Every structure is written in C-alpha cells, then in structure tokens.
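Here is the structure we will look at, set down as structure tokens.
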C-alpha cells in the first residue's frame, strides 16, 4: 500500500507542477521556443529579452485587437528533439495562436511539421534557406540568408571590377555553409573562384594557407567565411604576410569583438552586415534609421547589453505578426497567416520586408550594408 | 502484496510497469503527454544498455550517445541515400553499432577507470564530428529529415503510436536484460564488477565478458537512437553529442546503478523534470541541478535501490 501512496503522491506533484505554468485568462497566447541556454545561447538570449520587453510594451498600450498578449517562452537548449516536445506542448497544452522563434535551423526544421499540422502561423528566427524553400503555407522567417551575404560581396566585387577570387573558409558550421552558398551563386554573379583553402575552427595560425593564396598570380580578392576567433587570426596573418589584395569577411564577424581581436590588421577589411550594426551612422534619410535606432536604444537601455542582430530578428518577427493581426482585425489563425503573407513595405531591423505567396522571407539585397573597417570602427561603403 | 517481494521478483517489476503503461494514457489530456512518455521509454531503453555496462560490468562509457547517433543516422541515411527500407536500415544500424562497438571495444576496454572514461569520451566526440562534417551524407550541422517507418503498408507516425512502440520495446528490452542477468553470464558480470582479479581467479574470461556487454549496450543505444530519429522525423548531430552521453550516465546513476527499473526512473526524472520546471523560467536549470544533487546526496545508491532498501528496513 505504501508504494501505491508514494506513486499517487508523485503523480499528483508532477501534475500540479506541469499545470502550474498555465493560468486561465482571456489573453492571446504567443509561443516561442528559443535556445536561451546551451551552445546557441548567443541567439536565444537576446531573442528572449527582445520578445519579453516588446510584449510588455504592447500590453502596456492595451494589447492588440482588444486582447492582451501572453508570451510563453520555452528553452530548447539548442536540442531539436526538445524543441519538438515544446512545440507539441505549445499547440496541445498552451493553445497558442501564433509562434515566433526557433533560434536554430535544426530546431525550426524539427518544429515545422507540428505547426503545419496544427495550422498555426510560425515565424522562424533561424538562418537556413531550407526553412522557406520550398514555401510552406504556415512557415515564415525573418533573418536574411547566407546566400544574400555572398551576393552582396559579389556585387561589391563587380563594382570594383574584381572577377577572380580565392576563398578561405573555416570548417565550422557557419563557415562551411556560407562557403557552399558562395560557390553556388558565384557563376551567376560572374565571379570565378580560382583557389580555395580551409582551416579548422580551433587553428591558431593560417599563414600556410594564406601563403598559398599569395602565390597565386590570378587572385584579385580574398573572401574569408567563418565564425568566432578564426577570422580574426586570418586577418592578422593576412597583414603579417603583407597581402595587398582587397579582403572580405562575412557577416559572421559583424561584432565589435572582431575589431578588437584583429586589432590594426582589421583596417580596410570589408564585410556585409545588417543596418542595426551601424544604426548611428546611417544617413538621416535612410528608411530603416528610425527603427534600428529605436530598437538599439530600447534594447541597450532595458537589458544593459550591447545590441545584436539576432535580437533584431525577434523584433521583426513579433512586429510582422502584430501588424498582421491588426490588419486581420482578429486573432483568427488563418486570417493572421494570410495577412502575414501580405506583409508589404514593413520596415524592420533586418531590412524592408515584402512577402508574397512565393516568398516567405521578403528581404532583398538592400537588407545588407557593405561596411569597411576604418580607424577601429565600422563605416558605410557608399 | 508484500512490497519487498514485488521489488525483488524481477519480472514482476516489468508486469507492474506494463500495467502502469497501459493505464497511464487514460490520464493523458493531449498528444503532448504521449510524446513525453514515449521519450521516457526511448531514453530508458538506452539507459538499460548503459546500466548493463556501468552497473553490472563496472565499466564507464562517456561516449554512448555515439551509438545513439549511429542508430539515428542509420534510419535517416539508409532510406535517403541507399534506398533501403526503414526497417532494414534500423536493423543495419544496430548491426553497425555492434560491429563498431566490437572493433572499438577490443582495444579500449583494456583501459581502466579514468583512462577508459577518457577513451570512450574521445570515441563519442569523434563520431559527433563525423556526423557534423560528412555533410553530403548527414546534412551537416543542420541535420536531415527521416522518413516514416513503414511496416506492411502501415506508417508509424504520431505520438500515440510511438508511445506504444517505445513502451513495448522497453518491456522487451528490460525482460531481455533481466534474463541476461539471471544467467551465468550475468553472475560473471557482477563478479567482474566486484573484483576483476577474483573473477579471473574463478575462471571468467574478463576481457571477453566486458567486450560482450559493451556490444550489447551499444545495440540498446542504437535501437533507442533509431526510435528517436523515426519518432522526431529529423536528426541533427546534437543527438550524438557529449552532453547526451553525460545525460545517459546521469540517468543510470540517478535511477540506480545495477537496477534495470532504475534506468526507467532515471530517464523519467531527466525527461519529465525539465518539462515540469518550465514555470520557474530563469531559475529552471538551478532547480533542476538542486533536485539532482538532492537525489544523489539523500538517495546515494540511486532512486530505485535506495527506496527499495528503505521499504526493506521498515518491514522486517
């Protein structure tokens, strides 16, 4: 009998714990599964803070369509299997009307079937193009893709009349993915990749690879795709070897940390990045300027941390959803979805969004700005 | 019925779990609960295998998620790249895990203690790197999708279906493990756990026994991995990562080393608690850590053996 009582007690406790998170209310529930902890916390943490501060602000102004919002955030620890469990929970238990988030591509891809089946609008904050290609009825995303970064660099190369390049790529997930995308779109841009080198994510010296590149007579410019400390070392080695060719980095190093790691060697390096990074330097007539400056100030004031483009993606996702719900005039899932798809001329931190039934991202190359590092700071390349 | 008899008579425990598993869905308000329960059974299956290795043969493995990865990627890569039916990929994955375990186990099981732990850790990390970097085959860090398991024209999909598949598989896995432990081989294993020197003196081929149980535990992990992949419909290298290996070890230790039902309890704790603690928001991980520490301090032998001992003391 004793064991029976024990099991009952355990069961009751667990049920109470699970039920504890839910309170009955007339609020509209918006779900988010983010990688707040774990290896992708640099994405999930600013995303969570952003969603929380803006939902609070919207509620303070009386909510949307006469209803206040309730944000339900779960942390998947960058594990797609957990993300899938939480997605089921949001649909079955919490009964959300819309979903913002999925920090990583893996988590997003794992959750897509759940929201497609439940017919709930899902705005992902992850990078990969597979999320929106092929187009899925209920799935959207806000961040630009690696392909667009490649195209932006190639566009700049063409303007400088440079046609043959070398790529040096890190063997990390980001570096490899972007390298593949660049190789794929190079022919379309009229760029020829004449030489390729790779390095390991934890390598501390890339002079041998760069010496190889220096020895190739037909290379006119060099692109480095990678994430973390690798690109900073490549940049230092590049200057140590006194290579004079124009040098491009990816949007993966678009943080002040890169400049401080690479030091004076970073002078003259160009890279594509979101407008948010140069919020203060945008010309006054730039349409994105008011949005990015306001987001930057709000985020930095409330969280006490420097702004990141990842939090910006969450801002864009939430605002696209809110605008759509306002246009729909209700929180009916199908109507909200239709309105998200009709998003036109939405000015977000990531760019100006124009969605259509065949494009559930809606960004073009103007989403990226070409930056050059001068005197230890970003400057816009006109 | 006397609790002691119930806990002692081994197969009774399985019957009891089967009873609970059959009745439990009556209390499930939605498919989400089926999913969580199915995950408990899937990870319990992997934990049983590791428990045979750790709790009985006394060998540590910090790389067992590597075998979960082999099983998981087998059912993804087999149908996608080689046109194999999912069930055949499933079997091939288990066979591949056994072969890999055999080849790897021969040299590394000669190591002891920390050295063995580090060698298995290295093995797990290595597999994880392979899954991440062989992007053409595995889809790289973003993973790849897994087709549904189709048997005789019937597709296994949905949380409820997988609840029953994983529950029944767990019972079979537990019964086989208990059966093994009651055989001469099982007694030899326990002898190795207590003292390798004494076991060798008794004429037990220690190296062979260790290798056998390592292969068996790899097959358990591989099957659990295949289930997980088929159930989720997507697989990423995270499944074979170092943290998953540690999680498996934690399941075995929490539930109780050397207790097959302990594997189920350990898995239940680590799968259900993170779900139950979400209402704590930012303090979730702290609470989880505190609970795990509490269990290890107050139920030192693991949940099942400690609770069983408590009941045994109370009823002389």
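The values are calculated or read from the model by the stated rules, or taken from the named source; none is laboratory data. What you are looking at is a predicted structure, and each value in this text was computed from that prediction instead of being measured. Cβ placement follows ideal geometry from the backbone for every residue including glycine, while neighbour counts extend to all protein chains displayed.
I need the full set of residues from the stretch A:353-369 which are surrounded by fewer than 18 Cβ atoms within 10 Å (Cβ to Cβ) and either touching a residue at least 40 places away in the same chain (Cβ under 8 Å) or part of a loop (DSSP other than H, G, I, E, B) (or both), in order please. Listed by number, the residues that qualify are A:354, A:357, A:358, A:359, A:364, A:365. Could you tell me whether residue A:223 is modelled with pLDDT of 90 or more, part of a strand (DSSP E or B) and buried (at least 20 other Cβ atoms within 10 Å of the Cβ)? For residue A:223, the condition - modelled with pLDDT of 90 or more, part of a strand (DSSP E or B) and buried (at least 20 other Cβ atoms within 10 Å of the Cβ) - is met. Per the listing A:302, A:289, the residue uniquely surrounded by fewer than 23 Cβ atoms within 10 Å (Cβ to Cβ) and not assigned by TED's automatic domain parsing to the domain that holds residue A:352 is A:289.
Of all residues in the stretch B:151-161, at least one satisfies being in contact with a helix residue (DSSP H, G or I) (Cβ under 8 Å, 6 or more places away or on another chain) and in a helix (DSSP H, G or I). Being within 20 Å of residue B:43 (Cβ to Cβ), surrounded by fewer than 21 Cβ atoms within 10 Å (Cβ to Cβ) and either touching a residue at least 60 places away in the same chain (Cβ under 8 Å) or facing chain A (nearest Cβ under 9 Å) (or both) is a property that residue B:243 has.
For the stretch B:114-131, state whether one or more residues are surrounded by 18 or more Cβ atoms within 10 Å (Cβ to Cβ), more than 24 Å from residue B:59 (Cα to Cα) and touching a helix residue (DSSP H, G or I) at 6+ places or on another chain (Cβ under 8 Å). Yes, the stretch B:114-131 contains a residue that is surrounded by 18 or more Cβ atoms within 10 Å (Cβ to Cβ), more than 24 Å from residue B:59 (Cα to Cα) and touching a helix residue (DSSP H, G or I) at 6+ places or on another chain (Cβ under 8 Å). When the strands (runs of 3 or more DSSP E) confined to the stretch A:54-125 are screened for residues that are surrounded by 21 or more Cβ atoms within 10 Å (Cβ to Cβ) and facing chain B (nearest Cβ under 10 Å), those reaching at least 3 such residues are found at A:69-75. Out of the stretch B:274-311, which residues are in contact (Cβ under 8 Å) with a residue 12 or more places away in the chain, under 30 Å from residue B:56 (Cβ atoms) and within 12 Å of chain A (Cβ to nearest Cβ)? Scanning the stretch B:274-311 gives B:274, B:288, B:291, B:303, B:304, B:308, B:311. Screening residue A:166 with (1) within 30 Å of residue B:236 (Cβ to Cβ); (2) crowded, with 19+ Cβ neighbours inside 10 Å; (3) in contact with a helix residue (DSSP H, G or I) (Cβ under 6 Å, 6 or more places away or on another chain) gives one miss only, at (1). Helices (runs of 4 or more DSSP H) fully within the stretch B:1-113 that include at least 1 residues being away from chain A (no Cβ under 14 Å) and modelled with pLDDT of 90 or more: B:10-23, B:31-51, B:65-82, B:86-108.
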